[in-house]
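What follows is a set of notes on a single structure, which appears directly below.
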Amino acid sequence: MNNKRKRIAIFVLIMLVVTGLLYISYPKLLVSLTHQPSGQRVVDFPSVKKGELLFLDLDGSAWLLDETYQSDKNLRFDNKHIYFNHLDVTADDWDYISIDPNRHQWVNYSWEFDIKRKSEFREFAFNFRNLDFDNRYRYRFEDNKIFFDKKVHGQWTNNIASIDYPIALDKQYHVRIDVVDSIMRCYVDGVLKLENVDTDIASGSIAIILWEDDGQTNIEAEVSNNVVHRLII
């Protein structure tokens, strides 16, 4: 029995020494293995290149405003900038604009834009493969996190994946959303934050949705420099 305990003790000691040597020799490797962002999946993202320009926002004229959710008095378009300024708060406030999915059924594409949050409203969501209000994917900034969600036939599947990522007020961030076949990726300032796989929605356009339900917080934000390119495999 004593010999068995000695062997266990020696094994544990060896493992501790090996772990210590790894931390000394390969600290970045161990950090990446032990602190991988929650929800991020490692998949074989195909080699792609940018192709045809699918959309470039020059003056805001291409965006559709859904009158059910969006009042034009809450919006101002200035060249490549979209200013959201929703001051008349209720307990269910929306700003919802989209590029017409009946005209644009994009499959593999990269959507890039800049964002700036001006108030602490609840949801700052960027919807892709958007077919309509009830069918879309989205990357959502909320509660100091980025979430990946989907809505299919009116049914939400929220928080499929998430990662901690606080958004500071009055600071600009560059966001890129790439979608190729069943793989979706969200980058912020050039860094991959979430990678997800899903097959429910094969094509669609884009939409920007802001939401607050506390009855007291204004929705104030900027989205600018929207551009969409086809991705070629």
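The values are calculated or read from the model by the stated rules, or taken from the named source; none is laboratory data. The structure displayed is predicted, hence computed values, not measured ones. With ideal geometry, Cβ positions are generated from the backbone for all residues, glycine too; neighbour counts draw on all protein chains shown. Note: areas computed on protein heavy atoms with side chains; ligands, DNA, RNA excluded. Shrake-Rupley method; radii C 1.70, N 1.55, O 1.52, S 1.80 Å.
The stretch between Ala91 and His153, if pulled fully straight at 0.36 nm per residue, gains 19.8 nm over its current Cα-Cα span. Under 17 Å from a label point set 7 Å out along the Cα-to-Cβ vector of Ile233, the amide N atoms of region 93-107 belong to 106-107. Sort out for me the Cα centre separation of region 88-142 from region 155-233, rounded to whole Å. Comparing the Cα centres of region 88-142 and region 155-233, I get a distance of 8 Å.
Could you list log10 I(q)/I(0) for region 79-146 at q = 0.12, 0.15 Å⁻¹, which the Debye formula gives when each Cα is one point scatterer? Taken in order of the listed q values, log10 I(q)/I(0) reads -0.39, -0.62. Taking a Cβ cut-off of under 15 Å around His153, the surrounding Lys, Arg, Asp and Glu residues balance to a net charge of -1, with basic ones at +1 and acidic ones at -1.
Can you give the extra length, in nm with one decimal, that the chain gains between Asp170 and Asp143 once fully stretched, where that is 0.36 nm per residue apart less the Cα-Cα distance? Net length gain for the segment: 8.1 nm.
Of all accessible surface on region 156-233 at a 1.4 Å probe, what whole percent is carbon and sulfur?
Numbers: 1350 of 3090 Å².
Its accessible area is 43 percent carbon and sulfur atoms.
By a 1.4 Å probe calculation restricted to protein chains, Lys145 has an accessible surface near 70 Å², given to the nearest 10.
Across bins of 10 angstrom width beginning at 0, how are the C-alpha pair distances of region 136-224 distributed, in whole percent? Per 10 Å bin, starting at zero, the Cα-Cα P(r) for region 136-224 comes out as 13, 48, 32, 6, 0 percent. Measure up Lys50/Lys73; Lys49/Lys118; Lys116/Lys150; Lys73/Lys193; Lys50/Lys118 against 28 Å on the Cα-Cα distance and list the ones that go over. As for pairs spanning more than 28 Å Cα to Cα, those are Lys50/Lys73; Lys49/Lys118; Lys73/Lys193; Lys50/Lys118.
Here region 31-185 is described by how far its Cα atoms reach on the three principal axes: 48, 34, 32 Å, from widest to narrowest.
Each residue, Leu65 and Ser224, gets one label point 7 Å from its Cα in the Cβ direction; the gap between the two is 2.1 nm.
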